[in-house]
Structures are given as structure tokens and as C-alpha cells.
Amino acid sequence: MKYSEEIQKLLPLGYLYLVILGILKESIFNYQLGINILKYSTIMDILISPIAEFTSNPITLVFIVSLFVFHYYLPKIYLRNKDNKTLQKIFELKTTEELSEEEINKYHIFASFKMFALILLSFFVGTGVAGGYMTMHSIKENKLKYNNILNYNSGESEQIFLINSNSIYYFYVQKGNKSIKIAPIGAIKNIEKGLNIEILSK
């Protein structure tokens, strides 16, 4: 079986894994804020959560793409260095002397996929824990930048720090209030987002 065919077989499983990681990250992040995010999410929010995470900022996107490209070619690197004891020790690879060529290819693909999965797990859990902790700490210490204005359909407005949003809700903190508010998108006319003056000045 060709190398590309093996990768294609793993893609559906890989995306399912990413969706699970997306749910895990959002749950960890929002749990620290006292929010059960699954109660406020649709199926579509859950399915696109890993894509939303990857495209959250350019650095994250470059990191994920680079990681994917590296692990795509990693089985070939394993194969070219299958007799390298140092490489086997670093990546915890077992000896493949008694395996057929097809079995060697499958083993190297599995080893690469396993490492990729562990790195992604660390990334999603780490960003969920760190993001939730930093946000809650900023709320408690009143260190938020209220650079958005939420305009309701009723004509009322609030100056807010926007924590997150999905297809049906906004999650935010109103200026002068440390409580987290959850507002349905249907009640919101628009959000005025303040520009980052520091970036513009550079």
C-alpha cells in the first residue's frame, strides 16, 4: 500500500481527534470561568472548533502547518535512518529488522502519527489551561482592556472585554463589573471593536 494511501486512511480519524481536542480545550478554558461551554454550543461550533483554534492568530497557524508538514515527512526520515540507534532512542522507536517493508512503513507512519497526536494534545490542553487562568486572573485583578462596545437592538450599549463568541452567544465582561455575561447574538445589533493603537503606532 502506498504511503499517501496510508495517510488518507488516517485523515478521518485525525479530524475526529482534532474535534475532541477542540472540545477539551474549550471545556478546560471555560470551566475556569465557571461556564459549561457545551450547553452554549451547537454541533457546528464543535465541528469547527479545531479550525477556529488553528486560525486564531498567524503564529498558531504557522506552527500547526509546520508541525503537520514535518510529521508528514517524518516516516520517510525514520525509514532513511532506521539503523540510527540515536534516532531510535530519541523517538523511542523499536527495531524493524524482522519486519517486512510494508510493515516497516505502517509502523513508521503510526509512530509519526502518535507523536503528532501527543504534541497536539499538549498544545490544546496547555492553551486551554493557560488561557483560562490568565483570563480569570485578569478579571479578578481588573487588568482587562475594555476595547469593544456592545450595541444591543434595544439601543443600549456596553463597553466590554470580549472573552469569546460562537454562532449563538457572546461571552464578555462589562466594564466596572467582574461578572461574566452571556448574551444571545440575536439580541446584539453590532460590536464596535477598538483598534490596537500600539500596533498602529509601530
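A few remarks follow.
- Phi to ³J(HN,Hα) by Karplus 6.51 cos²θ - 1.76 cosθ + 1.60 over region 63-78, Hz, x for Gly, Pro: 4, 5, 5, 4, 5, 5, 4, 4, 6, 5, 8, 4, x, 5, 5, 4
- Computed from backbone phi with θ = phi - 60° and the Karplus coefficients 6.51, -1.76 and 1.60, the 3J(HN,Hα) list for region 28-37 is 5, 4, 6, 4, 5, 9, x, 10, 8, 4 Hz; x is used for glycine and proline.
- Violating pairs (Cα-Cα greater than 25 angstrom) within the set 25/189; 25/175; 25/140; 39/193; 39/143; 25/106: 25/189; 25/175; 39/193; 39/143; 25/106
- Shape call, region 140-179: gyration tensor on alpha carbons, a/c limit 1.5: oblate
- Amide H contacts under 5 Å for residue 163, placed H, 5+ residues apart: 171, 172, 173
- When all protein chains stay in place and ligands, DNA and RNA are ignored, the 1.4 Å accessible-area order of 136, 44, largest first, is 44, 136.
- Sparse-neighbour loop sites [GluC sites (Glu not before Pro); region 134-188; at most 15 other C-beta within 10 Å; DSSP]: 141, 156
- Surrounding net charge for residue 169, when Lys and Arg each add one and Asp and Glu each subtract one, Cβ distance under 13 Å: 0
- Order of exposure, largest accessible area first, which applies to 62, 125, 69 with probe 1.4 Å: 62, 69, 125
- Rounded to whole numbers, the Karplus 3J(HN,Hα) couplings from phi for region 47-60 are 5, 9, 4, x, 5, 4, 5, 5, 9, 5, 7, x, 5, 4 Hz, using 6.51 cos²θ - 1.76 cosθ + 1.60 with θ = phi - 60°, and x at Gly and Pro.
- Surface accessible to a 1.4 Å probe, residue 122 within the full protein complex, Å²: 80
The values are calculated or read from the model by the stated rules, or taken from the named source; none is laboratory data. Model, not experiment: these values are computed from the prediction. Every residue, glycine as well, gets a Cβ built from its backbone with ideal geometry; the counts of neighbours run over all protein chains shown. Only protein heavy atoms, including side chains, enter the accessible area calculation; ligands, DNA and RNA are left aside. Shrake-Rupley method; radii C 1.70, N 1.55, O 1.52, S 1.80 Å.
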